[in-house]
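The values are calculated or read from the model by the stated rules, or taken from the named source; none is laboratory data. Since the structure is predicted, the reported quantities are computational estimates derived from the model, not experimental observations. Every residue, glycine among them, receives a Cβ derived from its backbone with ideal geometry; neighbour counts consider all protein chains shown. These area figures cover heavy atoms from the full protein model, side chains too; ligands, DNA and RNA do not enter into them. Shrake-Rupley method; radii C 1.70, N 1.55, O 1.52, S 1.80 Å.
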Amino acid sequence: GTGPAAPTRGDIFLEKQQQIQSLVVEKKTKKIKKKELVKSVKSVTSGGGYCCYGCGAPLQVVEIDAPGYVDPDTYQLKKKHRQLRTVLCGRCRLLSHGHMVTAVGGNGGYAGGKQFVTAEELREKLTHLRHEKALIVKLVDIVDFNGSFLAHVRDLAGANPIILVVTKVDLLPKGTDFNCVGDWVVDATMRKKLNVLSVHLTSSKSLVGVAGVVSEIQKEKKGRDVYILGAANVGKSAFINAALKMLSYKDPVAAMARKYKPIQSAVPGTTVGPIQINAFLGGGKVYDTPGVHLHHRQAAVVHSQDLPALAPRSRLRGQSFTKEVVLDQWVSEKMEFDGLTGFSIFWGGLARIDILKALPETCLTFYGPKALKLHIVPTNKADEFYKKEVGVLLTPPSGEQVPDWTGLETVRQLQIRFDDTQRPACDVAISGLGWITVEPVSQALKELDSSLVEDAMEISLDVHVPKPVEIFVRPPLPVGKVGGEWYQYRDLTEKEEETRPKWYF
């Protein structure tokens, strides 16, 4: 105000100068504190100190975009109270709230850089395993069995014993006979020449089969640490959470470990460093390891926003294509139909199957994520249809990725011979997507037309996929009620019965 009590011009000037001086001092102390903090963080992380319990990345306060970043004030507070083991990094916080944040350079449309971990660096973090005495629990996704199998797992595991755990069996079609599936998995494991202690069919979601794996681990552990290995996004963190839940009923140490459990998400590379978990009362640790990145899976070519579309969230239901489907969809066209021959089927924008030669009764059944829609068009119109509809009807790819999408550059020609028309000839599995069961004669038609001759016992397909993606031809996986009817158990020799691992469900 005004009057005798009002501050003079000199008082106002002095007050302003004092405010400016205090701000300068505050800035300097903040800078000094930040420098000290960065030094202390660097000393902690370089000495293999504290890591984020969600993803295993070393904690740091320098690069905001990099995994393991923590706000400096939060870091200082947690350090003061000795609670750094309970810190979740910024990226894990985003993942836990449903954001798709990749961390692996060269995957999902990201070129990489200093803020991303490379797939090679992740592999290097696992190389020490072959020199240690450990128990390896190897996980394989039943929906992408061939794509997630890790054919060269012995390069990582060395001579250590392996327990094979098949995850996500709750996604198999209704009525599936798990006796047949278990036998099929053991056969496939033997064909890949991988010696394992036992095979377990499990579901981390419903906890089916997890108790069996836990008891096997406790029996075979013998004082060793347990390492959970598998391809990226195979369900390692989900399996560990399920195993900790089973252990926590009787083990207080496991119950405590559940409080700070690894983060789960649809993003490959969620775990970027080994996460140590104290899970056993008598000592010994479980390690959640970074997923081994396989360049030949579809997840390596799609953008992070499309990754959830590749992960089936509910029970698979096969979608079948027969001559009846073709007639229903193309009856208005003036074309001569001979079953599926001369047609192409698009699986989203990620795969195209051209049927060059097939019996009139041939049936193709697709098993994969529901988010990827199937479209059938005549092969002579397929190129034009793809150019027009990619990113529109045919997704993924979608959004920003469409202008840079290189298309389906790899073409594999398949000549599928068959002897028995009463059972499927084979599965055509597309790495990271699902599989197609090829039936010479639809299961709905039990009898074959007598006009079939010996030279027609062959089906020819062209399969188009993006460049690095692999295609596997394998014996058919017996799923659904009909799978149990046509599946044939192999006669084993005495030697095979001794060496063949047992499977559990």
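Note on segment 130-144: residues that are out of contact with any helix residue (DSSP H, G or I) (no Cβ under 7 Å at 6 or more places or on another chain) and either surrounded by fewer than 22 Cβ atoms within 10 Å (Cβ to Cβ) or more than 17 Å from Ser198 (Cβ to Cβ) (or both) amount to 6.
The set of residues from segment 352-372 being at pLDDT below 95 and among the basic types (Lys, Arg) comprises Lys357, Lys370. Would it be correct to say that Lys35 is under 42 Å from the mean Cα position of the chain (by Cα), modelled with pLDDT under 75 and part of a helix (DSSP H, G or I)? So Lys35 passes the test. All of (1) surrounded by 18 or more Cβ atoms within 10 Å (Cβ to Cβ); (2) on the phi > 0 side of the Ramachandran plot hold for Leu207 with one exception: (1). Scan segment 261-269 and tell me whether some residue there is modelled with pLDDT of 75 or more, open to solvent by less than 10 Å² (accessible area, probe 1.4 Å) and either farther than 17 Å from Gly432 by Cα or not basic (Lys, Arg) (or both). Within segment 261-269, not a single residue is modelled with pLDDT of 75 or more, open to solvent by less than 10 Å² (accessible area, probe 1.4 Å) and either farther than 17 Å from Gly432 by Cα or not basic (Lys, Arg) (or both).
From the list Glu409, Glu361, exactly one residue is among the acidic types (Asp, Glu) and either more than 25 Å from the chain's Cα centre (by Cα) or in the same structural domain as Gly147 (by the TED database) (or both). Which is it?
Numbers: Glu409 fails: either more than 25 Å from the chain's Cα centre (by Cα) or in the same structural domain as Gly147 (by the TED database) (or both).
Unique residue meeting the criteria: Glu361.
Do you know which of the residues in segment 456-501 that are part of a loop (DSSP other than H, G, I, E, B), more than 25 Å from Arg297 (Cβ to Cβ) and of a type in the set (A, V, I, L, M, F, W, C) is least open to solvent (accessible area, probe 1.4 Å)? Walk me through it before giving the result.
So the first thing to find is which residues in segment 456-501 are part of a loop (DSSP other than H, G, I, E, B), and the list is 457, 466-470, 475-479, 487-493, 500-501.
Going one step further and asking which of them are more than 25 Å from Arg297 (Cβ to Cβ), we end up with 457, 487-493, 500-501.
Next cut, of a type in the set (A, V, I, L, M, F, W, C) only: 457, 492.
Working: Met457: 26, Leu492: 58 Å².
Among those that are part of a loop (DSSP other than H, G, I, E, B), more than 25 Å from Arg297 (Cβ to Cβ) and of a type in the set (A, V, I, L, M, F, W, C), it is Met457.
Of the strands (runs of 3 or more DSSP E) lying entirely inside segment 335-434, those containing at least 3 residues that are of a type outside the set (D, E, K, R) and under 15 Å from Thr322 (Cα atoms) are 343-347, 351-357, 363-367, 374-378. Where helices (runs of 4 or more DSSP H) fall wholly inside segment 136-254, the ranges with 2 or more residues that are at pLDDT below 90 and more than 30 Å from Ser304 (Cβ to Cβ) are 236-248.
Per-residue answers, yes or no, for (1) crowded, with 16+ Cβ neighbours inside 10 Å; (2) of a type in the set (Ser, Thr, Tyr); (3) in the same structural domain as Asp419 (by the TED database):
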residue: Pro312; (1), (2), (3): yes, no, yes
residue: Gly348; (1), (2), (3): yes, no, yes
residue: Ala351; (1), (2), (3): yes, no, yes
residue: Thr365; (1), (2), (3): yes, yes, yes
residue: Ala371; (1), (2), (3): no, no, yes
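Looking at segment 321-339, is at least one residue open to solvent by 10 Å² or more (accessible area, probe 1.4 Å), within 18 Å of Val301 (Cα to Cα) and either of a type in the set (A, V, I, L, M) or in contact with a Pro (Cβ under 7 Å, 6 or more places away or on another chain) (or both)? Taking every residue of segment 321-339 in turn, none turns out to be open to solvent by 10 Å² or more (accessible area, probe 1.4 Å), within 18 Å of Val301 (Cα to Cα) and either of a type in the set (A, V, I, L, M) or in contact with a Pro (Cβ under 7 Å, 6 or more places away or on another chain) (or both).
Taken together, the criteria exclude Val428 from residues that are within 28 Å of Gly175 (Cβ to Cβ), open to solvent by 10 Å² or more (accessible area, probe 1.4 Å) and at pLDDT 95 or above.
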